[in-house]
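Heads up: the structure comes next, in structure tokens.
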Amino acid sequence: MADDGAARQLDKEILSPKPGIQSPAEGGGDFQPRIVGFLCNWCSYAGADLAGVTRLKMPPSMVAIRVMCSSRVDPLFVLKAFLAGADGVLVAGCHPGDCHYQTGNYYTRRRFALTLKVLEELGLEANRVRLSWVSASEGGRFAEVVTEFTETIRKAGPNPAKTEVFL
Amino acid sequence: MHNARGTTHEAYCVEREALSMKQFQVPRPPDDALRDMLASLMDKGKVGGVFALAQTGENSYSYALITDKKLLDHIVPTLPLMPANAGKMVSRLTMLEPVKTPIAVIMRPCELRALFELVKLEQARLDNLLFISYTCGGVLEMKTAKDGLQLKLEEYWKQVKTGGVSEDMRDSCRVCENFVPTGADITLTLVGNDNGKQTTVQVNSEKGEEFLAGLSYELTEAGPELEALDSMRKKRAEQKPDVFGQFAAEELGMAGLTALFGRCIGCHACGRACPVCYCSSCHFEAAENEFDPSTLETELTNRGALRLPTGTLYYQIGRLFHVSISCVGCGMCSDVCPVDIPVASLFAKLAGSVQGMFGYVSGRDAEEKIPTSTFEMEELEEIGA
Ligand code: SF4
Ligand code: SF4
Ligand code: SF4
Ligand code: FES
């Protein structure tokens, strides 16, 4: 992912401390999960946009990073967010069969299965990582995915990687 | 030649062992038998060169491509040392274009498997290569080359003869169950044989037969699998708890991983030595991977301290994501680690799980696709909701 915009964006903005969203580890009160979402341009990003413009209710927990296809998401993107302390990482793309590039998301699915397997085998919390299919017209579904995932993460608590010092 | 397909490795082994094979005996130890055979092949102009492990000086061993027959004396193809994964070396030779004159290549099963993975990754080509391999008793750590090699060899060959496991072997070999080569044209059956006296050579493909035609060997039908192979398979399986046990998921986690890699010096030698870690410009070496001032500040704000060099777990777990699907468990990564981190044991364990998920065994078949470079439309429905 040489010189990749998405990775840079992740470094620069997303994981810097932001006022207003603090984990208990950072001295805040209620735990507000922070989720990094890699959304495919053609479906899920549009779905997120729709959820926004129709003012659907969902927690302000997710920071979106747009990728051209879910298959652009190297497991390293997920890992970088995870190790930097994102409480959850969402990868979202078009439903199987609907990928703008025909088959990208089928590869995503296999790669994601591998990602989960490696995390599980390493005893890392695979439940902090999620793959979802959301189409451009599914604003409601997008809001649901974010709400549900945020709840799961809220129950799991803050990502311990956030405060692990020497990694 | 590489047409065997089975859903599990066991099924594949059964299938493979059922193949009828021809063999011949040479009343000489394996390295001598190979030198003779290769010299004849060069004389007859059937091969233009030999790629094999060579002794290049006192305590010095490396792979070499030899085209001058007089230098064949240097080859020590069955000496249990692996200074590099030969699959990676052949990739270096063939990446830009295939070799033009036939070359006999002698390598261990895991090296052949690494080469087949590299072919799938478009990093190597097989044209004009004659593959010679052997049932593999494993290798010793490379540092043995300067430290008691001769003493350890006696015990090593004794174990090979009886299908045992020697303590001096690399951990990755102690647990390797893929020690019968797949995809070789010619296989020496070292395991179970008295290798001081004679050599049994199996011919596994038409190509192998063509090359050997006209040489003064008498082919007979190959006998059944040697009991020593079963014994070795069993003994190696028994080693698994010892080698893999420390990497149970509940032992790892963030704490376990930071402890395991706590003395990693970030030299990336493990990746450089790994045959299937093949990018010529590695992401982890790139300037892009350095912490810029804002990242540095964030990290310090969040953690209160920063380990240097940075990104140790990012590198290790990242490499697991990238190579576990193709890892052949060769043990190069552990062997080169200057601070003795058992990298290969962790990688081989995860490779087993990751590949197992897709019914895949890396490198068993050069024609098979790497699971992450293909897909089925109807599968993994539980992933993605
Ligand atoms: S890993 Fe297996 S095939 Fe490779 S050298 Fe060791 S025993 Fe031989
Ligand atoms: S990760 Fe280690 S054991 Fe696996 S192929 Fe690479 S060097 Fe060999
Ligand atoms: S070889 Fe050892 S010290 Fe060097 S990067 Fe790999 S694990 Fe770390
Ligand atoms: S374009 Fe949406 S998943 Fe490929």
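Derivation of every value follows stated rules applied to the coordinates shown; laboratory data play no part. Quick caveat, the model's predicted, so the values are computed rather than measured. We place every Cβ from the backbone using ideal geometry, glycine too, and count neighbours over all the protein chains shown.
For the range B:59-108, residues that are in a loop (DSSP other than H, G, I, E, B) and touching a Ser or Thr at 6+ places or on another chain (Cβ under 8 Å) total 5. If you check B:Glu177, B:Glu154, B:Glu141 for being acidic (Asp, Glu), more than 14 Å from chain A (Cβ to nearest Cβ) and more than 16 Å from ligand 2 (Cβ to nearest atom), only one passes: B:Glu154.
Contact map, the range B:195-211: first residue without any contact (Cβ under 8 Å) to a residue 60 or more places away in the chain, second residue crowded, with 16+ Cβ neighbours inside 10 Å, Cβ cut-off under 6 Å, separation 6 or more or different chains; the map is empty. Within the range B:99-135, restricting attention to residues that are buried (at least 24 other Cβ atoms within 10 Å of the Cβ) and among the acidic types (Asp, Glu), the residue that is farthest from B:Val276 (Cα to Cα) is B:Glu111. The numbered conditions (1) of a type in the set (S, T, N, Q); (2) surrounded by fewer than 24 Cβ atoms within 10 Å (Cβ to Cβ); (3) in a helix (DSSP H, G or I) are all true for B:Ser172 except (2). Taking the criterion of being within 10 Å of ligand 3 (Cβ to nearest atom) and within 14 Å of chain A (Cβ to nearest Cβ), the residues of the range B:271-284 that qualify are B:Gly271, B:Phe284. List, please: which pairs have Cβ atoms under 7 Å, are six or more places apart or on different chains, and start with a residue in the range B:213-238 that is under 13 Å from B:Gly163 (Cα atoms) and end with one that is assigned to a helix (DSSP H, G or I) and of a type outside the set (S, T, N, Q)? Here the result reads B:Glu225/B:Glu17; B:Arg236/B:Arg174, each pair linking the range B:213-238 to a residue that is assigned to a helix (DSSP H, G or I) and of a type outside the set (S, T, N, Q).
For the range B:256-270, the candidate set comprises residues that are outside any loop (DSSP other than H, G, I, E, B) and more than 7 Å from ligand 3 (Cβ to nearest atom); within that set, the residue that is nearest to B:Gly311 (Cα to Cα) is B:Thr258.
Applying the criterion of being of a type outside the set (A, V, I, L, M) and within 15 Å of A:Phe77 (Cβ to Cβ) to the residues of the range A:114-139, the residue that is farthest from the other protein chains (Cβ to nearest Cβ) is A:Arg128. In this structure, is A:Cys94 more than 30 Å from B:Ser353 (Cα to Cα), within 14 Å of chain B (Cβ to nearest Cβ) and either crowded, with 20+ Cβ neighbours inside 10 Å or within 14 Å of ligand 4 (Cβ to nearest atom) (or both)? When the stated conditions are applied, A:Cys94 does not pass them. The criterion of at least 2 residues that are more than 30 Å from B:Phe244 (Cβ to Cβ) and touching a residue at least 12 places away in the same chain (Cβ under 8 Å) is met by the following helices (runs of 4 or more DSSP H) wholly inside the range A:56-167: A:104-121, A:139-156. Note on the range B:147-181: residues that are touching a Phe, Trp or Tyr at 6+ places or on another chain (Cβ under 8 Å) and over 16 Å from B:Ala237 (Cα atoms) total 2.
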